[in-house]
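Here is the structure we will look at.
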Amino acid sequence: MKQFFKFVLASMLGFLLTSIIITFIVILLVLGLISSSSDKTVEVDSNSVLQISLKHPITERTPNNPLSSLSFLGIDGEKAIGLNDILADIKKAKTDPNIRGIFLDESYMTSGQATVEEIRNALLNFKKSGKFIIAYSEIYNQQFYYLASVADKVYINPKGIFLFHGFSSNVTFLKGALDKLGIEVQVIKVGTYKSAVEPFFLTKMSPANRLQVTSYLGSLYDHFLIGISKSRKISKDSLFNYADKLKIRFPEDALKYKLVDGLKYRDEILDELKQRTGVDHKEDLKSVDLADYTNSIPQKEDNKKKESKNRIAIVYASGEINGGDGDDNSIGSEAVSKSLRKVRLDDNVKAVVFRVNSPGGSSLASDVIWREVMLTKKVKPIIVSMGDYAASGGYYISCAADSIFAEPNTVTGSIGIFAILPNMQKFFNDKLGITFDGVKTGKYADLGDVSRPLTPEEKTILQSEVDHGYDDFTKAVAKGRHKTQAYIDSIGQGRVWTGTQAVKIGLVDRLGNINDAINSAAKMAKIKNYNLVSYPEQKSFLNKFGFGVNAEIKSQILKSELGDNFKYYQQIKGVTQMMRTPQARLPYNIEIN
């Protein structure tokens, strides 16, 4: 027995020492990476090409996270870059004498359509400099082709894949699986079009949901075709016909119908880029990757702007809305509210741009943020710039602003409230053989217990709470948009709109990007010289070290292992967050193929 304990203690000690050593090595690797790369300034050679390859979902801001550029632990080693730096880099390249042109390279984009729109507009602005843009890929999905269509020349590998088949939107229905498990989802909602709950009690789309999806999908597709039509000088009707009849099946078809300019291999593209930049074909092409270009020496800016004490604050709200602090990919009502209070009380901040990219979330957390927007509006201009989504709770936190900007393909609206509560009685009793019994001091003491169904009285109580939330929501929108509550209800009911549609019905003021919102904020504040500051402050890696980093590592590994299926994991995880708490969020995860 003594020997047994000796071996056990030795094993435990060995495991502990190994864990400590591994942790120490990881910390050294991270610290080494931080010290070697975070502050490194990149020098750009003359006659260089800015190489842009966007293969990952694009966040609003570049993550302050060394893990995004590490390849150990099975994590993808390519450095992520946010929309803020992408737009800034393209703008910088426009006037950089060392940059001769842009190479759009192999970008199998999965980002939202409004994000692609902002990058596309930045590229169109870059072209005004007279510099070239060349696009090349072995595989063009529709998102990347929409972006690449602005290029001077669009090339595809002779054996490549060109996807041009129109848009589709699918919803995964869970009712059949829940029925097999004996789980009933009890739904309390307001809004004919509020369809987030439909997958739990239907097996197909309701007529109302089909109507709204048909409407907004048609609006998004129309904008997509118009953009390509202008860039490629092909009629919109022709493009529609090509997709509808699936005429583009091979690279030769794309060339035949003038969607691309040539079929070339990568070596031929590199030779053309060398020729355009005056580099001998025997020498290496001078290029700089977008992520590295972020750290290049900036061009001289207007000294007045640098010296000015005036500031415009950009407050970012990106992801689902919940209580707490949140992070780069989720909105915490406490962190965003704190940021709005800070900029409101800062006399040097003359105006605020509230960047919202959110499908919604907790109605309570949304209201907490809405209150801070209202208070800020009383003392200084606040302008909303909408990203891919600003819907349901995302619209709630936006509606009180002085002015709202959205992209034509922003998804917004979805003014409605719902709550879901599972009844797992049959699952526990029939599937697991588990029963429950107990006592209570009041009739409603166990309201919300998932081991039994709601009573008719309890359903009435919960419905009144959801109705009250919808009344508050429509009142807030009516006040912010200077409309009657009855009108907001008529365009509300949970219905989803695109940015183009939202302008027509008064939910949005103007179509435009974040720079348009910044210019509007400066105009309202009556300032010409100013600096931009961003909130909430991004936490450094060392500040996040511990549980937050462990969660981030797990997330990165899951993404790596699950690939495209990671979205289903997120959906299932999201369902658990929706239980019991009233929600103001999009009808479902909108996915356009």
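Every listed requirement among (1) farther than 20 Å from residue 386 by Cβ; (2) among the hydrophobic types (A, V, I, L, M, F, W, C); (3) surrounded by fewer than 23 Cβ atoms within 10 Å (Cβ to Cβ) is met by residue 81 save one, (3). Given the structure, is residue 155 at pLDDT 95 or above and either under 26 Å from the mean Cα position of the chain (by Cα) or under 30 Å from residue 432 (Cβ atoms) (or both)? No. Quick check on segment 490-512. Is at least one of its residues under 19 Å from residue 358 (Cβ atoms), surrounded by 15 or more Cβ atoms within 10 Å (Cβ to Cβ) and more than 21 Å from the chain's Cα centre (by Cα)? Scanning segment 490-512, I find at least one residue that is under 19 Å from residue 358 (Cβ atoms), surrounded by 15 or more Cβ atoms within 10 Å (Cβ to Cβ) and more than 21 Å from the chain's Cα centre (by Cα), so the answer is yes.
In segment 341-361, of all residues being free of Cβ contacts under 8 Å to residues at least 60 places away in the same chain and surrounded by 24 or more Cβ atoms within 10 Å (Cβ to Cβ), the one that is nearest to the chain's Cα centre (by Cα) corresponds to 358. Is it the case that residue 138 is at pLDDT below 95 and either surrounded by fewer than 21 Cβ atoms within 10 Å (Cβ to Cβ) or assigned by TED's automatic domain parsing to the domain that holds residue 518 (or both)? So residue 138 does not fit the description; no.
In segment 146-169 there is no residue matching the filter, namely being outside the structural domain of residue 267 (by TED's automatic domain parsing), closer than 15 Å to residue 202 by Cα and surrounded by fewer than 22 Cβ atoms within 10 Å (Cβ to Cβ). Taking the criterion of being assigned to a helix (DSSP H, G or I) and within 30 Å of residue 84 (Cβ to Cβ), the residues of segment 479-504 that qualify are 480, 481, 499, 500, 501, 502, 503, 504. Looking at this structure, is residue 288 under 34 Å from the mean Cα position of the chain (by Cα), over 26 Å from residue 153 (Cβ atoms) and at pLDDT 90 or above? Spelling it out, it is not the case that residue 288 is under 34 Å from the mean Cα position of the chain (by Cα), over 26 Å from residue 153 (Cβ atoms) and at pLDDT 90 or above. The single residue among 216, 193 that is touching a helix residue (DSSP H, G or I) at 6+ places or on another chain (Cβ under 9 Å) and either within 26 Å of residue 116 (Cα to Cα) or of a type in the set (S, T, N, Q) (or both) turns out to be 216. Looking at 435, 460, just one residue is more than 29 Å from residue 323 (Cβ to Cβ) and either part of a strand (DSSP E or B) or not acidic (Asp, Glu) (or both), and that residue is 435.
Taking (1) under 21 Å from residue 315 (Cβ atoms); (2) touching a residue at least 24 places away in the same chain (Cβ under 8 Å) in turn, residue 431 satisfies each apart from (1). Could you tell me whether residue 333 is small (Gly, Ala, Ser), surrounded by fewer than 21 Cβ atoms within 10 Å (Cβ to Cβ) and either farther than 24 Å from residue 58 by Cβ or within 33 Å of the chain's Cα centre (by Cα) (or both)? When the stated conditions are applied, residue 333 does not pass them.
The values are calculated or read from the model by the stated rules, or taken from the named source; none is laboratory data. The structure presented is a predicted model; accordingly, all values stated were derived computationally and were not measured. Virtual Cβ from ideal backbone geometry, glycine too; neighbours counted across all protein chains shown.
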